[in-house]
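Trainee: The structure that follows is given in the form of structure tokens.
Please treat every number below as a calculation from the coordinates, not as lab data. Computed from a predicted structure; not experimentally measured. Here the Cβ is made from the backbone with ideal geometry for all residues, glycine too, and neighbour counts use every protein chain on show.
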């Protein structure tokens, strides 16, 4: 082959990317050297030796003292001058005071937006009052049950004699049962307002509970009037016989015949009955008065007064219910022959002699005087 044609055949191989003809297929790698014009970064080898600073060390910088910070004075307390309505409401809210708005009707009470005392009343109504009533009522029931299991029913030592004495007349019994029956309805309807949502509503359902609560509210409002009349009537009839004296203190110290077999002397009413009388008159009067104030809101008291009145009304009512439970127990199950005093108005002679011996003596003396009156005194010289 001519040299010219051989040179033309070698040109494609020289211009290509592959190795020249006759060289080995695998060549040794050649380290790449970065030129001065390239901007690629070189891989810095890892080394544990600390780098030695090069060049001239920098001069030490002087320490600069910190700039003093002036305290920001607290703003003066908010006053009532030059404050907008929003700022006044915010000030009242932050200090826990009442927040009021503006209304265009004559009733200014409707302008009250936030009343802090209402939160205290609500906490008392939903928690404290329920605990007071529960402890008082359940505590008395537990004591009565324990007393009945230990002591049993108090019976007459000599049994019934078959002879009776007039204990209470028709008017006295009528006023007693008027006061007692209305008090029972008032107590049940009031307890329903406090505990009915938690105890009665899950049992009878919401519809029946609503009906019972509505009827109870109506009965609670209207029966307050005959209850008050009954309390005033009992006060007029029995206040003379219920004045405390030294004999009542002796009766209380001896346990009133409930502890042991001895029965201390007593008149028409003993110390325990006098205590029940004054609880009924004073407690019932206070409950009735506070209830009437709540029944006619804003007639005498403002909203704060009504909240305080409701607290007193509820606490006194709970305590009265607990006291009347003991009275009902003694007059029915706890003592033999006691119920007939308010049932028929007559009691057995032996019962009266054991529990009210001084009253029996007075009644017998009065009966003897009415049957055998003393002879009239004859004037001197009549013979």
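Trainee: In nm, to one decimal, how far is the modelled label at residue 114 from the one at residue 252, with both set 7 Å along Cα→Cβ?
Mentor: 4.9
Trainee: Compute and list, largest first, the equivalent-ellipsoid semi-axes of the stretch 212-251 from the alpha carbon gyration tensor, each √(5λ) rounded to a whole angstrom.
Mentor: Calculated on Cα positions only, the semi-axes equal 35, 13, 4 Å.
Trainee: To the nearest µm²/s, what D does Stokes-Einstein give for the stretch 111-233 at 4 °C and 1.567 mPa s, using the Kirkwood radius over alpha carbon pairs as Rh?
Mentor: Here the translational diffusion coefficient equals 70 µm²/s.
Trainee: Name the residues of the stretch 178-195 whose amide N is less than 11 Å from a point 7 angstrom out from the Cα of residue 236 along the C-beta direction?
Mentor: Taking a point 7 Å out along Cα→Cβ of residue 236, no residue of the stretch 178-195 has its backbone N under 11 Å.
Trainee: Can you tell me what the convex hull of the Cα atoms of the stretch 176-296 projects to on average, as an area in nm²?
Mentor: Here the figure is 10.0 nm², rounded to one decimal.
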